[in-house]
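Worksheet: the structure to be examined is printed underneath.
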Amino acid sequence: HRARGALVLTEVALAITIAVAAGLVGRSWLTLLSTSPGFPVANKVTFVLSLPQGRYPDRPSRWGFYRETMDRLREVPGVVSAGAISALPLGDESGDWGFRIEGRPPATDGERGPFADRLIATAGYFEAMGVPIKEGRSFEATDDTLRPPAVILSEALARRYWPNGGALHSRIRLSSDIDSVWRTVVGIAGDVRSRGLEREPRPEFYFPHAQTPSSPNANATGTMAVVLRLDRDPTAVIREARAVLGRIDPGVPISRIQTMERVLDTTLSVRRFQLLLLGFFALTALGLVAIGVYGVVAFLVHQRSREFGVRLALGADRDRILRMVLGDGIRMAAAGVAAGLIGAIVGGRLLSGMLYRARAFDPLVLGGVALLVVVVVVAASLGPAARAARTSPSTTLRTD
């Protein structure tokens, strides 16, 4: 009996530990789904263009291609706005760059100066993606080499280095020799979760595509992610966009054609797999608990059938027999519930790296899982308890 009880206790403890882990990941998943990436994902199509370096060897030729492409794509029926970016939010990453702020002393040796992710955007990108411009203006088609160098900062960058405001119209320049010109801040853009929903918005600044400085990467402005905001079904728009690009230059490859919903779904795929895997194990563990409790309680009922018959013959109430057997099952699982909750709290701390804005000690999840296991135990004990309550005293006495 002790061995069977220990087995049921272990099953219950493991079931609670795994089910709590699944509950915490599920709670984190729901929180993640409700997190805004900083722009609406609906009604957007994106694809990547990579200009062959042989046909577009210098920056002016690449600028000209993207300017013509964006103008032609905006004429496609169903396209509300079009723009391009060097690193697509939620999918690509851009390295951070150090910069200086005009009027402030440069960083000394051993001290890290201001830094942020640098992105390159064409005119119309913020409108196409739906990233709001909180102050100032967006990029315009006239932001080229004939205009003063411009830059747009993200809110996170402005808050970090201008906590009291005043970022608009200030000037910055890159710390490296790649770009030595001072750029005027013409706008403050809303924060974007560029590296995934679970990552907080990083400080970012945007350069106009036609004002991009030289770079060790000769094709730094040749590969761009195009974003189209639509007001109709994307299938026909994508077909027409392909035709437009074919007329401009059929030798330019197009890749990664997808909706922004698909991009978001891809970023969540790992967490979805974690949730499904833990959910499968939790359901399996609960099934084992039900089988274990049913088997042990049924065996005990069979062994005590004569006892129940005698009790009923002496006037015991059948409901009392039912409650007695159910109580045995619940008491058998109670120790497992307590041990499982302790294991779940410890396991939750180990899962902290997988959780997004969810506490390892979540009373709602712990209480809900404990209640669920108790319900499973009671349900598994009901069949044997009902058979015990239906024991015939006459049959038992004749057997004796």
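The values are calculated or read from the model by the stated rules, or taken from the named source; none is laboratory data. Please read these numbers as outputs of a predicted model, since none were measured by experiment. Because the Cβ atoms are built from the backbone with ideal geometry, glycine has one as well, and the counts that use them run over all protein chains shown. The protein model used for the area step is the full one, side chains on, heavy atoms only, and it has no ligands, DNA or RNA in it. Shrake-Rupley method; radii C 1.70, N 1.55, O 1.52, S 1.80 Å.
Among residues of the range 71-125 being over 21 Å from PRO213 (Cβ atoms) and of a type in the set (A, V, I, L, M, F, W, C), the one that is surrounded by the most Cβ atoms within 10 Å (Cβ to Cβ) is ALA82. Among the residues of the range 54-66, is any basic (Lys, Arg), touching a Ser or Thr at 6+ places or on another chain (Cβ under 7 Å) and either open to solvent by 50 Å² or more (accessible area, probe 1.4 Å) or free of Cβ contacts under 8 Å to residues at least 24 places away in the same chain (or both)? For the range 54-66, residues basic (Lys, Arg), touching a Ser or Thr at 6+ places or on another chain (Cβ under 7 Å) and either open to solvent by 50 Å² or more (accessible area, probe 1.4 Å) or free of Cβ contacts under 8 Å to residues at least 24 places away in the same chain (or both): present.
Taking (1) of a type in the set (A, V, I, L, M, F, W, C); (2) more than 30 Å from LEU197 (Cβ to Cβ); (3) touching a residue at least 24 places away in the same chain (Cβ under 8 Å); (4) surrounded by 14 or more Cβ atoms within 10 Å (Cβ to Cβ) in turn, MET354 satisfies each apart from (2). Residues of the range 126-147 that are open to solvent by 80 Å² or more (accessible area, probe 1.4 Å) and touching a Phe, Trp or Tyr at 6+ places or on another chain (Cβ under 9 Å): THR145 alone.
Listed by first and then second residue, the pairs linking a residue in the range 266-290 that is of a type outside the set (Gly, Ala, Ser) to a residue that is open to solvent by less than 50 Å² (accessible area, probe 1.4 Å) and not in a helix (DSSP H, G or I), with Cβ atoms under 6 Å apart and 6 or more places separating them unless they lie on different chains, are THR267/LEU90; THR267/GLY196. Scanning the range 162-173 for residues that are buried (at least 19 other Cβ atoms within 10 Å of the Cβ) and either within 25 Å of ARG62 (Cβ to Cβ) or not polar (S, T, N, Q) (or both) gives ALA167, ILE172. Against the conditions (1) touching a Pro at 6+ places or on another chain (Cβ under 7 Å); (2) modelled with pLDDT under 90, where does ARG193 fall short? Just the number, please. Going through (1) touching a Pro at 6+ places or on another chain (Cβ under 7 Å); (2) modelled with pLDDT under 90 one by one, ARG193 breaks only (2). Of all residues being of a type in the set (Ser, Thr, Tyr) and part of a loop (DSSP other than H, G, I, E, B) in the range 154-180, which is farthest from GLU102 (Cα to Cα)? Just the residue, please. It comes out as SER176. The condition (being in a strand (DSSP E or B), under 22 Å from PRO89 (Cα atoms) and open to solvent by less than 10 Å² (accessible area, probe 1.4 Å)) is satisfied by just one residue among VAL151, VAL186: VAL151.
Would you tally the residues in the range 362-374 being under 17 Å from LEU14 (Cα atoms) and either modelled with pLDDT under 85 or open to solvent by less than 70 Å² (accessible area, probe 1.4 Å) (or both)? Don't jump to the end; show me each part of the working.
To start, the set of residues in the range 362-374 that are under 17 Å from LEU14 (Cα atoms) comprises 365-374.
Restricting the remaining residues to those that are either modelled with pLDDT under 85 or open to solvent by less than 70 Å² (accessible area, probe 1.4 Å) (or both) gives 365-370, 373-374.
Residues that pass the stated criteria total 8.
Against the list (1) in contact (Cβ under 8 Å) with a residue 60 or more places away in the chain; (2) in contact with a Lys or Arg (Cβ under 9 Å, 6 or more places away or on another chain), the condition GLY340 fails is (2). Looking at this structure, is MET224 more than 22 Å from ARG67 (Cβ to Cβ) and of a type in the set (A, V, I, L, M, F, W, C)? So MET224 fails the test.
Does ARG27 count as within 30 Å of ARG349 (Cα to Cα) and either touching a His at 6+ places or on another chain (Cβ under 8 Å) or among the basic types (Lys, Arg) (or both)?
Working: within 30 Å of ARG349 (Cα to Cα): yes; either touching a His at 6+ places or on another chain (Cβ under 8 Å) or among the basic types (Lys, Arg) (or both): yes.
So ARG27 fits the description; yes.
When the range 214-233 is filtered for residues that are at pLDDT below 85 and open to solvent by less than 10 Å² (accessible area, probe 1.4 Å), the ones remaining, listed by number, are THR221, GLY222.
Out of the residues in the range 286-315 meeting the condition of being among the aromatic types (Phe, Trp, Tyr) and surrounded by fewer than 22 Cβ atoms within 10 Å (Cβ to Cβ), tell me which one is modelled with the lowest pLDDT.
Applying the first criterion (among the aromatic types (Phe, Trp, Tyr)) to the range 286-315 yields 294, 299, 308.
Imposing the further condition that a residue be surrounded by fewer than 22 Cβ atoms within 10 Å (Cβ to Cβ) reduces the set to 294, 299.
Details: TYR294: 80, PHE299: 76.
Per the criteria, the residue is PHE299.
Applying the condition of being among the aliphatic types (A, V, I, L, M) and exposed (fewer than 15 other Cβ atoms within 10 Å of the Cβ) to the range 25-53 and asking which residue is farthest from VAL192 (Cα to Cα) yields LEU30. I'd like to know if the range 316-323 contains one or more residues that are of a type outside the set (Phe, Trp, Tyr), outside any helix (DSSP H, G or I), farther than 17 Å from ALA15 by Cα and open to solvent by less than 60 Å² (accessible area, probe 1.4 Å). Yes; the residues of the range 316-323 include at least one that is of a type outside the set (Phe, Trp, Tyr), outside any helix (DSSP H, G or I), farther than 17 Å from ALA15 by Cα and open to solvent by less than 60 Å² (accessible area, probe 1.4 Å). Counting residues in the range 219-242 that are basic (Lys, Arg) and over 30 Å from THR266 (Cα atoms) gives zero.
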